[in-house]
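A quick write-up on the structure given underneath.
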2 protein chains.
Amino acid sequence: MMFSKACEYGIRAAVYVTLQSLEERRVSFNEIAKEIDSPIAFTAKILQQLTRNNIIHSVKGPTGGFEIEREDMDMVKLSMIVKAIDGDKIYTGCGLGLKECNAQKPCPLHDKFLDIRTDLRNMLESTSLFELATGLEVGLTYLKR
Amino acid sequence: MMFSKACEYGIRAAVYVTLQSLEERRVSFNEIAKEIDSPIAFTAKILQQLTRNNIIHSVKGPTGGFEIEREDMDMVKLSMIVKAIDGDKIYTGCGLGLKECNAQKPCPLHDKFLDIRTDLRNMLESTSLFELATGLEVGLTYLKR
DNA sequence: ATAATATAGGATATAATTGTCTTTTATTTG
DNA sequence: CAAATAAAAGACAATTATATCCTATATTAT
Ligand code: FES
Ligand code: FES
């Protein structure tokens, strides 16, 4: 609804990688897909995108898998994942589908829509992977149900 | 992104019907599609949905077309249109795609997501077609381009 | 070096959404 | 009543999003 399926899987996957990297564990896409309850091959594609965008790091071969550096856990915000997977139409598009969102020639919902979207944007730009992983770590939140 | 294309067209169409009904004019789906710059046949389908959900009123035959009662312009909120076309997943779904959004077993983004979604919901539930049409009427807002 | 392992990449399949076309039904006017 | 008009309905087509499968490439351990 707000994010594509691919983006939802991408965020859940990145948070799971973060959680495991906190314990120095590399994880395979098989494990990730199982733990976040997502389609394996599709998840692998999404992990490729995250890797190409330097959001997570991948290592091939035995003992390989996905990981994320400790400093990146703080640096990587949700907005970066959303942008890598869904692009920035979530920021730039018109809520009523006009060709562009423009205050000079706004749709009837423009002002109200912009309020919501600005809040969403601020939230995504200020939320780090580390922050999301900590709730998981102490069992307060879940990646599947 | 936030709404489906169908929903975007639906809102724009309903606002246009409202604007014209303020001047006692019934409008055909051909005119609506032209004025909101949307695919004609697809728009006709969406107008059917709005009619079935008693959001706008349709009249067949010569002099027929779509219209909306003056009192309905205030009574119909955007939330009703969104619900009629996109269903209520926008209100009930989990932002990270968990099978359900539930505070007992929340995803890592639950609290922050709920804040945004509540604002969106309040906005949609408090915004009437009349309110949106008035900006159009005085040339402050636009339904195409 | 070789075998085993794990991600990368490309081709393909399936499902959902978006969009078109044609026929039917209801209504109004002459 | 007949002709014209406009929405309703159903079948179909195109596009996009989601998902799977198979092969290639890189890396590690033996
Ligand atoms: S013009 Fe529609 S949201 Fe800005
Ligand atoms: S559980 Fe994910 S948004 Fe509520």
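The values are calculated or read from the model by the stated rules, or taken from the named source; none is laboratory data. Everything numeric here is computed off the predicted structure, so don't read it as measured data. All Cβ positions, even for glycine, are placed from backbone atoms using ideal geometry, and neighbour counts span all protein chains on display.
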Taking the range A:53-64 and keeping only residues that are near DNA strand C (Cβ under 6 Å from one of its atoms) and outside any strand (DSSP E or B), one is left with A:Lys60, A:Gly61, A:Pro62, A:Gly64
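For (1) in a helix (DSSP H, G or I); (2) β-branched (Val, Ile, Thr); (3) within 16 Å of ligand 2 (Cβ to nearest atom); (4) touching a helix residue (DSSP H, G or I) at 6+ places or on another chain (Cβ under 9 Å), each residue gets a yes or a no:
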| position | (1), (2), (3), (4) |
| --- | --- |
| B:Asp74 | yes, no, no, yes |
| B:Gln104 | no, no, yes, no |
| B:Thr118 | yes, yes, yes, no |
| B:Arg121 | yes, no, yes, yes |
| B:Leu124 | yes, no, no, yes |
| B:Ala133 | yes, no, no, yes |
| B:Leu140 | no, no, no, yes |
| B:Leu143 | no, no, no, yes |
Verdict on B:Glu23 being over 16 Å from the mean Cα position of the chain (by Cα), in a helix (DSSP H, G or I) and more than 16 Å from ligand 2 (Cβ to nearest atom)
no
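Go over the candidates A:Gly61, A:Gly139, A:Gly87 one by one and state the one that is over 24 Å from A:Ser21 (Cα atoms), surrounded by fewer than 15 Cβ atoms within 10 Å (Cβ to Cβ), of a type outside the set (Ser, Thr, Tyr) and more than 9 Å from chain B (Cβ to nearest Cβ). Spell out how you get there, then give the answer.
Working: A:Gly61 fails: over 24 Å from A:Ser21 (Cα atoms); A:Gly139 fails: over 24 Å from A:Ser21 (Cα atoms).
It is A:Gly87.
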Among the candidates B:Ser28, B:Ser4, B:Ser58, which residue alone is polar (S, T, N, Q), within 29 Å of A:Ile81 (Cα to Cα) and modelled with pLDDT of 95 or more?
B:Ser4
Condition met for B:Thr127 (under 30 Å from A:Ser126 (Cα atoms) and within 16 Å of DNA strand C (Cβ to nearest atom)):
no
Within the range A:40-52, identify whether any single residue is at pLDDT 95 or above, more than 12 Å from the chain's Cα centre (by Cα) and assigned to a loop (DSSP other than H, G, I, E, B), and answer yes or no.
no
